[in-house]
Amino acid sequence: MQQVISRPWIWSWLAAAATFAMTTALTEGSGAGALAYAALSFGAFAAIVGLGQMLVITLGPGNVDLSIPAVMTLSGTLALKAMGSEPDTAMLGLGVAILVGLGTGAANFALIYALRLPPIVATLAASLVYQSIAIWSNRGLRIKPPAGLADFATGRIFGVPNVALVGLVLAIVVWVALERSVWGRWLLASGQNMRAARLAGVPVEMVRASAYVTVTAFAAVAGYLLASFSGGAALNMGQDYLLMSIAVVVIGGTSIAGGFSNVPGVWGAALFMFLVVSMLNSYGAGAGVRMILTGLIIIGIVIAASTRRASK
Amino acid sequence: MGQFLSRHRILLPIFSLSVLLAATFYMQPRAMSYFGINLLFNLAVPIALATVAQMMIMMVNDIDLSLGTFVSLVACVTATFLNDSPLLGVLILAALILTYAGMGAVIHALDLPAIVVTLGMSFVWGGLALFVLPSPGGSSPDWLRALMTVKPPLVPMAVAASVLIALVTHLLIIRSGIGTVLRGVGGNARSVARAGWPVARLKALAYGLSGLFGVFAGMTLVGLTTSADANIALRYTLLSIAGVILGGGEFIGGKVSPVGAVIGALTLALAASFLSFMRLSPDWQIGAQGAILILVLTARLIFARRENTTG
């Protein structure tokens, strides 16, 4: 029991469970299934971008990717344009999305490495360029995703939303890569002490590059799925996910100081972030109150996590 | 040598602003007038104040992701309470500054990551702003409007105000004793504590100063736009971070330059005006701003290399 409590990821899951219980208590249990289904669907997008952001934040202080919203918009826009609503083009669209992810990630890291820019500023400046490309190629057109792909994005297998399954598979892949591969050890070592890792022979720059490419690749996949899910790409479709991606990582128990990742916590926090909004909604809170309480809850969780750490 | 280099650091922001200004005048010679310059730097004053606010936080090694929503909230309060019942408005703004100082104290006392606490606070400020002003509107107090549209002799208002902001913050942060200690908190908080300074109070002071300049930013913004909405200044978060870095500041180590930060903010404001003169398609305006940012920051690299080889 002690071991379970001391796991940092348990807190985000407990918080998610508590908000779920409080929401369903209001409706006396009816609609619990629908609420869980919606949480899994919408939480999946936050979880996918959160997993990528987690890898970058693990690299240590100052490492954050601010280009996630722009990459999501760009990949959603270009993928839908490439598919042009034609049937059987889902794989083509996915390929375009992944290429966008790899390209933007490589560009971000080139700015960070070659120009020695702080990652926050480099990804911020680059994201302005990506946003422009998306605006230019979108031209206000709303292209529908191919019918098959739209069915997949909004569909379910055994009652679980397909997008949640994709998010789950990606989470397992990241978990295996972090916990069971040399690359994962390298990433954690670089995050704990980059200088020591470099002296120990870890190819630090290669590890950083792979993290920055992975985060944009995940954001691109999330953008592709979100555009298919919501019936088209919109220029502001990514804007909620900048703060969301950082919030789910931190609430999920990953250290903002770097060096410690937490995959299950990201999913718990993604569910929690959706559930807290729907809980406040069902209690009849207006938009203003909802935002204030969301903010206070985020700060409360960070304080709880830090006092727990200090008391150990 | 150290002094020589620190003088060098300020040259880069001055150089980038001059190049951009020269390019603007080359494209549009008619901008080279009192009226033209006023137009070019129209929105520079609130951006400069927000950049200084961000600089106060970066000075103590933290980063403020809530600044844009905070400035929006101040704008909403200014356009409603400060206009309708000035005393209540002043009290609310004072309370906001105190909250900022309290935020700094809590972040220090509980050793919390500032990036997450300010992220949470950004939701709180945004919610409060929606509360104060659910739909765009309100109006600017007359005296504020008069202040922002004043036409001083020789140089336009925006330029005069920027020089004043740079001068005051330079005296406060670089020249004064307390400013030096505050920068010391960013350099090495532990040794400042060992020297007998109350670091928690110093951090609260830095955050309080940031809140003060954030309030000024929101008020001047309303003076220019004459009305407010809850999302009016959201982009100030990122603009202010970029402005501090453009001005030669660093994320860690208490290395900040108030004069540089103001010049960085002017560069960002000018970049937007420059692009509209270029008759660039609106699609590419944002992207070109990003490209200018990258270009100017690349110049920073040349200076950094030189420091390494000569230092």
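For this structure, a couple of remarks:
- Residue satisfying condition, being of a type outside the set (Phe, Trp, Tyr), modelled with pLDDT of 90 or more and touching a strand residue (DSSP E or B) at 6+ places or on another chain (Cβ under 7 Å), within set B:Val222, B:Val185: B:Val222
- Residues in the range B:108-131 that are surrounded by fewer than 21 Cβ atoms within 10 Å (Cβ to Cβ) and touching a residue at least 60 places away in the same chain (Cβ under 8 Å): B:Ala109 only.
- Index of the failed condition, A:Ala122 passing every other in (1) surrounded by 19 or more Cβ atoms within 10 Å (Cβ to Cβ); (2) at the interface with another protein chain (Cβ under 9 Å from one of its Cβ atoms); (3) farther than 21 Å from A:Thr58 by Cβ: (3)
- Residue in the range B:275-285 that is at pLDDT 80 or above and touching a helix residue (DSSP H, G or I) at 6+ places or on another chain (Cβ under 8 Å) present: yes
- Qualifying residue in the range B:72-82 (condition: touching a helix residue (DSSP H, G or I) at 6+ places or on another chain (Cβ under 8 Å) and free of Cβ contacts under 8 Å to residues at least 24 places away in the same chain): no
- The numbered conditions (1) more than 21 Å from A:Ala114 (Cα to Cα); (2) assigned to a helix (DSSP H, G or I) are all true for A:Ala209 except (1).
- Scanning the range A:131-156 for residues that are within 14 Å of chain B (Cβ to nearest Cβ) and not hydroxyl-bearing (Ser, Thr, Tyr) yields A:Gln131, A:Ile133, A:Ala134, A:Ile135, A:Trp136, A:Asn138, A:Arg139, A:Gly140, A:Leu141.
Conditions (1) in contact with a Cys (Cβ under 9 Å, 6 or more places away or on another chain); (2) touching a residue at least 40 places away in the same chain (Cβ under 8 Å); (3) surrounded by fewer than 19 Cβ atoms within 10 Å (Cβ to Cβ), marked per residue:
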site	(1), (2), (3)
A:Ile172	no, no, yes
A:Trp175	no, yes, yes
A:Trp183	no, no, yes
A:Ala197	no, no, no
A:Gly201	no, no, yes
A:Met206	no, no, yes
A:Ala209	no, yes, yes
A:Val213	no, yes, no
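- Test result for A:Thr73, buried (at least 22 other Cβ atoms within 10 Å of the Cβ), touching a residue at least 24 places away in the same chain (Cβ under 8 Å) and hydroxyl-bearing (Ser, Thr, Tyr): yes
- Flag for B:Asn42 being among the polar types (S, T, N, Q), closer than 30 Å to B:Phe131 by Cβ and touching a residue at least 12 places away in the same chain (Cβ under 8 Å): yes
A quick yes/no check of all residues on (1) more than 20 Å from B:Leu297 (Cβ to Cβ); (2) more than 14 Å from chain A (Cβ to nearest Cβ); (3) among the charged types (D, E, K, R):
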position	(1), (2), (3)
B:Arg190	yes, yes, yes
B:Ala200	yes, yes, no
B:Phe216	yes, yes, no
B:Thr226	yes, yes, no
B:Ile245	no, no, no
B:Leu270	no, yes, no
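- Check on B:Leu266, within 27 Å of B:Pro29 (Cα to Cα), within 14 Å of chain A (Cβ to nearest Cβ) and crowded, with 24+ Cβ neighbours inside 10 Å: no
- Counted residues, the range B:246-285 - those being over 19 Å from A:Tyr130 (Cα atoms), of a type outside the set (A, V, I, L, M) and in a helix (DSSP H, G or I): 8
- Test: residue in the range A:139-149 that is β-branched (Val, Ile, Thr) and at pLDDT 85 or above: no
- Residues of the range B:269-282 that are without any contact (Cβ under 8 Å) to a residue 60 or more places away in the chain and surrounded by fewer than 17 Cβ atoms within 10 Å (Cβ to Cβ): B:Ser276, B:Arg279, B:Leu280, B:Ser281, B:Pro282.
- Subset tally (residues that are surrounded by fewer than 21 Cβ atoms within 10 Å (Cβ to Cβ), away from chain B (no Cβ under 14 Å) and part of a loop (DSSP other than H, G, I, E, B)) for the range A:249-295: 2
- Flag for B:Ile37 being among the hydrophobic types (A, V, I, L, M, F, W, C) and touching a Pro at 6+ places or on another chain (Cβ under 8 Å): yes
- Hey, B:Asp142 of a type in the set (D, E, K, R), under 25 Å from B:Ala44 (Cβ atoms) and loosely packed, with under 14 Cβ neighbours inside 10 Å or not: yes
- Each residue in the range B:178-204 was checked for being in contact with a helix residue (DSSP H, G or I) (Cβ under 7 Å, 6 or more places away or on another chain), assigned to a helix (DSSP H, G or I) and not charged (D, E, K, R), and 13 of them qualify.
- So A:Phe229, is it more than 11 Å from chain B (Cβ to nearest Cβ) and at pLDDT 85 or above: yes
- Subset of the range A:59-85 [within 14 Å of chain B (Cβ to nearest Cβ) and either of a type in the set (Phe, Trp, Tyr) or in a helix (DSSP H, G or I) (or both)]: A:Ile68, A:Pro69, A:Ala70, A:Val71, A:Thr73, A:Leu74, A:Thr77
- Any pair with Cβ under 7 angstrom, 6 or more apart, that starts in the range B:84-98 at a residue that is more than 19 Å from B:Ser227 (Cα to Cα) and ends at one that is crowded, with 19+ Cβ neighbours inside 10 Å: B:Leu96/B:Val74; B:Leu96/B:Gly211; B:Leu96/B:Val215; B:Ile97/B:Gly208; B:Ile97/B:Gly211; B:Ile97/B:Leu212; B:Ile97/B:Val215
- Subset of the range A:230-241 [among the hydrophobic types (A, V, I, L, M, F, W, C) and surrounded by 24 or more Cβ atoms within 10 Å (Cβ to Cβ)]: A:Ala233
- Residues satisfying the stated conditions in the range A:121-166, i.e. free of Cβ contacts under 8 Å to residues at least 12 places away in the same chain, of a type in the set (Gly, Ala, Ser) and closer than 19 Å to A:Phe218 by Cβ: none
- Of the listed requirements (1) crowded, with 20+ Cβ neighbours inside 10 Å; (2) among the β-branched types (Val, Ile, Thr); (3) in a helix (DSSP H, G or I), A:Ile98 misses just one: (1).
- Meets criteria (in a helix (DSSP H, G or I) and either under 21 Å from A:Asn162 (Cα atoms) or away from chain B (no Cβ under 11 Å) (or both)) for A:Met237: no
- The listed residues are B:Ala195, B:Ala160, and the only one of them that is surrounded by fewer than 20 Cβ atoms within 10 Å (Cβ to Cβ), more than 21 Å from B:Pro258 (Cβ to Cβ) and free of Cβ contacts under 8 Å to residues at least 12 places away in the same chain turns out to be B:Ala195.
- Within the span defined as the range B:228-245, every residue fails to be assigned to a helix (DSSP H, G or I), surrounded by 20 or more Cβ atoms within 10 Å (Cβ to Cβ) and touching a Pro at 6+ places or on another chain (Cβ under 6 Å).
The values are calculated or read from the model by the stated rules, or taken from the named source; none is laboratory data. In this text, all values refer to a predicted model and were calculated from it rather than measured experimentally. FYI the Cβ positions are ideal-geometry reconstructions off the backbone, even for glycines, and counts take in every protein chain you see.
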